[in-house]
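The values are calculated or read from the model by the stated rules, or taken from the named source; none is laboratory data. Just so it is clear, the structure is predicted and the values come from calculations on it, not from any experiment. Here the Cβ positions follow ideal geometry from the backbone for every residue, glycine too, while neighbour counts run over all protein chains shown. Each accessible area value is taken on the protein alone, full model and side chains, heavy atoms only, with ligands, DNA and RNA left out. Shrake-Rupley method; radii C 1.70, N 1.55, O 1.52, S 1.80 Å.
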Amino acid sequence: MNKLEWLIAWRYLGAQRKSLFVSLIGIFSMLGVSIGVFALVVALAAVNGFEEEVTAQMIGKDAHFEIMSYNGEPIAPYDSLINEVKTRDSRVTAASPFIVYKVGISSKKVNDGIVIYGINSKTAATVTDIHKYIKWGSYSVDSLEDLSGKMRPGILLGSGLANRLRVVVGDKLVLQTFQSPDAVAASGGPKMMMCVVSGIFETGTYEYDGNLAYVGIPELQSLLGMGSAVTGIQFRMNDHWMAGQAVDSIGEWLGYPYYGVDWKTKNITLLKWMNYEKFIVAAVICLIILVAAFNIISSLIMVVIDKTKEIGILRSMGFSKAGIMRVFMLMGSFIGVGGTIVGGTIGLVLCKLQEAYHFITLPGDVYVIPYFPISVHLLDVVLIFVIGIALCVAATILPAWKASRLDPVGAIRHE
């Protein structure tokens, strides 16, 4: 590819009096590529931003992985199990026992059924981020005084559950166990415990805020008659993406009756949906670039028609068929590379400005975060540039081949 071919290709792209319309088509083709690349950069950055935000919330409200017993059997003692897991896997940084159970809950006005967690507030804060979501009150499940001055176990409620029960911090609630009719007859009735709302959390996820509550492990053990046992153990690692590997390796030596589950397995449906969404968004927006590529084809075909006589002269002067083909492929490449660079640059600048200043906001009463989340991945940007340029270059092959096949004599006589 010599300098003359580059010069001719650039010359043919320039606006001339006889081919002004053709040049405008080339400009619009470049604009189409720019818009497609810009949209693809911004769309994928937005999808990545939402995906990372949702993932952060998932691993914030859940531990990285949990160990439980089959059939819901209690685990006791659990201290030795925690120490063994930490010893065998150095990636584990924290652990906390927990109890999970379904109970009835009653306020002065409402009765409901919820999922209750028994936690150690100090160790639980090292494996989950529930303490960061406290909106009213304090993060505590210790005993505190109710409005009448009596000491009661503290309970943490989700904001949706608190609204449904019509309670605020300091109000009293009653927890009661669900039992079969035979068990109720044998024990004289369900077991009950009175608590005081010590804090209300809001994560922004309805399933959590509307159905979860937290109390201390000793209080829930007493209510359920579990002695010193727990339901399971939650663990946090130095890298949450390695949780699945940790569960697999632990399962090899731990064995029955224990099993592990990581945060990705618990949220597998949502994670799959986000991956599908990213693919669909990329595929749809790539159609914009594809349409621009077809515009390049039409633009080059019109240039071939317009420059038929010049092509014949070049061929008669000794220009090879391959040289003619390279000229027109260079023309299309100029359009594709220029449009990709311009659109990609504008998209990256917009994304970086949004990351730094958050000028695109979201309604706080609808979304958890007050701004539009953006996350630019280098691999995505590279793929966008490669795909954009590749489509545009591929679009030049047909008209370039057509130009190279023109008969020199016939081309010179063309009017």
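The table that follows gives values for the structure above.
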read-out: Only one of M329, M317 that is surrounded by fewer than 17 Cβ atoms within 10 Å (Cβ to Cβ) and under 30 Å from N2 (Cβ atoms); value: M317
read-out: Single unsatisfied condition, L173 versus (1) of a type outside the set (G, A, S); (2) open to solvent by 10 Å² or more (accessible area, probe 1.4 Å); (3) under 17 Å from L223 (Cα atoms); (4) out of contact with any Leu (no Cβ under 6 Å at 6 or more places or on another chain); value: (2)
read-out: Which numbered condition D112 fails, given (1) part of a strand (DSSP E or B); (2) of a type in the set (D, E, K, R); (3) open to solvent by 50 Å² or more (accessible area, probe 1.4 Å); value: (3)
read-out: Any hit, the stretch 94-109, residues being under 22 Å from K266 (Cα atoms), open to solvent by 40 Å² or more (accessible area, probe 1.4 Å), at pLDDT 85 or above and in a loop (DSSP other than H, G, I, E, B); value: no
read-out: Total residues in the stretch 186-219, condition outside any loop (DSSP other than H, G, I, E, B), surrounded by fewer than 17 Cβ atoms within 10 Å (Cβ to Cβ) and either charged (D, E, K, R) or modelled with pLDDT under 75 (or both); value: 3
read-out: Among (1) assigned to a strand (DSSP E or B); (2) under 29 Å from the mean Cα position of the chain (by Cα); (3) surrounded by fewer than 17 Cβ atoms within 10 Å (Cβ to Cβ), the one test that S90 misses; value: (1)
read-out: Meets criteria (open to solvent by 10 Å² or more (accessible area, probe 1.4 Å), assigned to a loop (DSSP other than H, G, I, E, B), at pLDDT below 90 and touching an Asp or Glu at 6+ places or on another chain (Cβ under 8 Å)) for G227; value: no
read-out: Selected residue [out of contact with any strand residue (DSSP E or B) (no Cβ under 9 Å at 6 or more places or on another chain) and either under 20 Å from A56 (Cα atoms) or acidic (D, E) (or both)] from I387, I374; value: I374
